[in-house]
């Protein structure tokens, strides 16, 4: 009888774990340094990953982990999802970063429907809802800015919440170190931030409609400090922002601007009309491929990403 009871308890624990209920160590597995260690075991010759912005979804809805449309996509589009080796959630991952249970629900969904490394990029909902929200984020996931390399591809995660959409001080030093480590001109550099740090009130930049301008002071140091650094190395630079897509009436759920060797992308979800993610593929020695993937319709129904014309020179 006791053996039967023991077996029943073990079976129950296994069931709870598989359902995402028994997940006390999930936050440890999503710490950035742990994710990087996992990726170090990955093939360095080819990489495929997703970039998903504003994954808490529609404003005003009760938090329930990943946005339901994104969650459904992960469950149904197995061919696309299985090809991804890892992913980046580019901010506004939860509604209120102070609430531990909201993070736990996101981790639950990632475990159930993706099961591979995912990097959390800090958004204003994640770290700017009082001091406690930043403390919660850093305790669960580690530093909010860092860099790492996989094969010859360089990855830089930034936190534009710290300086009102600006990248300054230690983060600029981080960028300098990452760029100084480049060995060849062919190495791609992937940069991730939540805020659209290249937004300015000039065409075509002002055609991008960020979800909000919280903590924006009227301009950023992108064009004065970051752009010259990136142009100086001449490597292909891909920068991703996730603070778009929450409202369908803005019609700005994605964008692509090309400035010489820089490729600037926005992508997000929540509006339920043009919800999307970006799918990035890179094989050493070949050109980076970036596809716009619709979440709610046929995956390629939104068409190809085409750079908006830029008349100014920078």
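Can you say whether residue 244 is crowded, with 21+ Cβ neighbours inside 10 Å and touching a strand residue (DSSP E or B) at 6+ places or on another chain (Cβ under 7 Å), as far as the supplied structure shows? Spell out how you get there, then give the answer.
Values: crowded, with 21+ Cβ neighbours inside 10 Å: yes; touching a strand residue (DSSP E or B) at 6+ places or on another chain (Cβ under 7 Å): yes.
The answer is yes for residue 244.
What's the total number of residues in the stretch 247-281 that are closer than 23 Å to residue 165 by Cβ, surrounded by fewer than 23 Cβ atoms within 10 Å (Cβ to Cβ) and in contact with a helix residue (DSSP H, G or I) (Cβ under 8 Å, 6 or more places away or on another chain)? Total satisfying the criteria: 7. Residue 143 meets the stated requirement of being surrounded by fewer than 17 Cβ atoms within 10 Å (Cβ to Cβ) and within 20 Å of residue 97 (Cα to Cα). Here residue 216 clears all of (1) modelled with pLDDT of 95 or more; (2) crowded, with 17+ Cβ neighbours inside 10 Å; (3) closer than 30 Å to residue 135 by Cα except the condition numbered (1).
The values are calculated or read from the model by the stated rules, or taken from the named source; none is laboratory data. Note that the coordinates shown come from a computational prediction; the quantities given were computed from them, not determined experimentally. Cβ coordinates were reconstructed from backbone atoms using ideal geometry, including for glycine residues, and neighbour counts include every protein chain displayed.
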